[in-house]
Amino acid sequence: HMLKAIKYSTSLWPLCVSAYQKTVTSDAEKATLEKLLIVLLAINSTYSLAWDIVMDWGMMQNPIAVVPDSCAPNAASGGPSKNLSCAQTVLRPRLRFGASTSILILVIDMILRYSWLLRFWEKKLFPNSDVYILSTQFLEAVRRALWNLLRVEWENIKQTRGRDASGEADEEAVFENDPFLAPSTIAMSPLGRSKQTDDKHES
């Protein structure tokens, strides 16, 4: 929760500085605030990008310990494949959209996280500020749509990985090796809800 609070706080400071910058009349102070704003935006974009990759998509966090199964295309061959590609090793072994699509989404997300850099070419690329704002909002909508693909994929992998033959989720198999997985997922699963009910009855 602390890490998530830091993430959202990094997006708050640029808004405050940007709002204050509009009230300043001195050119020298505006230039100073502009430099501060660029630093804050860079921090926010970098932190948010790292959060997307590690926390929201489950990538680049010792994936062999988190999801030791093979990618979905190899699953039909009769068992897990030990010959993981470079992308599977760096990201995570199970990439249901494929390595190429996952990498493409990651690269697009990284680029669009820094779409605020268009502010430096606003007058050259856009006829007015309204078009610039509309364009950046559209790019953000595209980024969120692509982000959601890998987010839903990772959530589905967490929900289905530890299932045994009876179809019940083995929550210990899902969480025992990964501190990054959200604890709320346990409460969302039927097994987690039943376990919480049993604990309440015992207490």
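Considered as a group, the residues in segment 82-140 that are surrounded by 17 or more Cβ atoms within 10 Å (Cβ to Cβ), at pLDDT 90 or above and under 16 Å from the mean Cα position of the chain (by Cα) include one that is farthest from S45 (Cα to Cα), and that residue is S102.
Could you please let me know if K22 is surrounded by 15 or more Cβ atoms within 10 Å (Cβ to Cβ), at pLDDT below 90 and not polar (S, T, N, Q)? It is false that K22 is surrounded by 15 or more Cβ atoms within 10 Å (Cβ to Cβ), at pLDDT below 90 and not polar (S, T, N, Q). In the set (1) outside any loop (DSSP other than H, G, I, E, B); (2) of a type outside the set (A, V, I, L, M); (3) closer than 30 Å to N148 by Cα, G58 fails one condition alone, (1). For segment 20-33, a residue qualifies if it is within 36 Å of the chain's Cα centre (by Cα) and assigned to a helix (DSSP H, G or I), and the qualifying residues are Y20, Q21, E29, K30, A31, T32, L33. In this structure, V17 does not qualify as touching a residue at least 40 places away in the same chain (Cβ under 8 Å), out of contact with any Cys (no Cβ under 9 Å at 6 or more places or on another chain) and part of a helix (DSSP H, G or I).
The values are calculated or read from the model by the stated rules, or taken from the named source; none is laboratory data. All of these numbers come straight from a predicted model, not from anything done at the bench. Glycine also receives a Cβ, built like all others from the backbone with ideal geometry; neighbour counts cover every protein chain displayed.
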